[in-house]
Amino acid sequence: MDEKHKSFRKQTTGVKAERRKKKKKEGDNDQQNTSAASTLEEAKRRNPKAFSIQNPIKAQQEFKRTQDIKEKRIHLPEVDRSPLEPPPVVVALIGPAKVGKSLLMKCLIKHFTRQKLTDIRGPVTIVSEFLYPPE
C-alpha cells in the first residue's frame, strides 16, 4: 500500500528538449549580464505590484492568527516546578572526563533559574528560591 509512484522526468532528447536547453542557456547569459538588477530591491522598484499585499483580507487574517498565537503563548499556565521534598543543600558532580558533568550542571541551572549558562568556570552557586523564616 505504501508504494511510491514514479516521478515525472522531463524529456532529454528531441525538439522540445533542445528548445528548453537553448532557452536555459539564453537565460543564463541574461542573468550574468544583469546580476545587479536581479536583486530584490531592484525587483521591488521595477515591479512594486508584485511585492504588494495581494489580498488584504487574507493578510489581516494571517496577522490576527499570529497575534493570537503570541497571546496564547503569554497566557499559558506556568508549571509548578517546586519539588515534593526539599532539595539537598550541597550537590557535588564527580566523575571522569567526557561523561556529561557540565551538561548536567547546565541543565540544572537552566531548570532552576530559567537562564542559560553557556560557559562554566570554577565553582557555581545556584539560589533558586530563598524563604526568610517567620519572626
Per the filter on segment 96-110, residues charged (D, E, K, R) and surrounded by fewer than 10 Cβ atoms within 10 Å (Cβ to Cβ) are Lys98
Would you check which residues across segment 78-98 are in contact (Cβ under 8 Å) with a residue 12 or more places away in the chain and over 17 Å from His111 (Cβ atoms) and list them?
none
Pairs, please: C-beta under 6 Å, at least 6 apart or cross-chain, first residue more than 27 Å from Ala43 (Cβ to Cβ) and in segment 7-32, second of a type outside the set (Lys, Arg) and modelled with pLDDT under 85?
Ala17/Gln11
Modelled with pLDDT under 85, at negative phi and not in a loop (DSSP other than H, G, I, E, B), is that true of Phe63?
no
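Residue-by-condition table, conditions (1) touching a Phe, Trp or Tyr at 6+ places or on another chain (Cβ under 7 Å); (2) at pLDDT 85 or above; (3) closer than 30 Å to Thr125 by Cβ:
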residue: Lys21; (1), (2), (3): no, yes, no
residue: Gly27; (1), (2), (3): no, no, no
residue: Lys49; (1), (2), (3): no, yes, no
residue: Ile74; (1), (2), (3): no, yes, no
residue: Glu85; (1), (2), (3): no, no, yes
residue: Leu103; (1), (2), (3): no, yes, yes
Taking segment 35-47, which residues are surrounded by 10 or more Cβ atoms within 10 Å (Cβ to Cβ) and at pLDDT below 85?
Ala37, Ser38, Thr39
Quick check on segment 96-103. Is at least one of its residues among the aliphatic types (A, V, I, L, M) and over 23 Å from the mean Cα position of the chain (by Cα)?
yes
Residue check, Leu93 surrounded by 10 or more Cβ atoms within 10 Å (Cβ to Cβ) and in a loop (DSSP other than H, G, I, E, B):
yes
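The values are calculated or read from the model by the stated rules, or taken from the named source; none is laboratory data. As the structure is a prediction and not an experimental result, all values here were calculated from the model. Backbone-built Cβ (ideal geometry, glycine too); neighbour counts: all protein chains shown.
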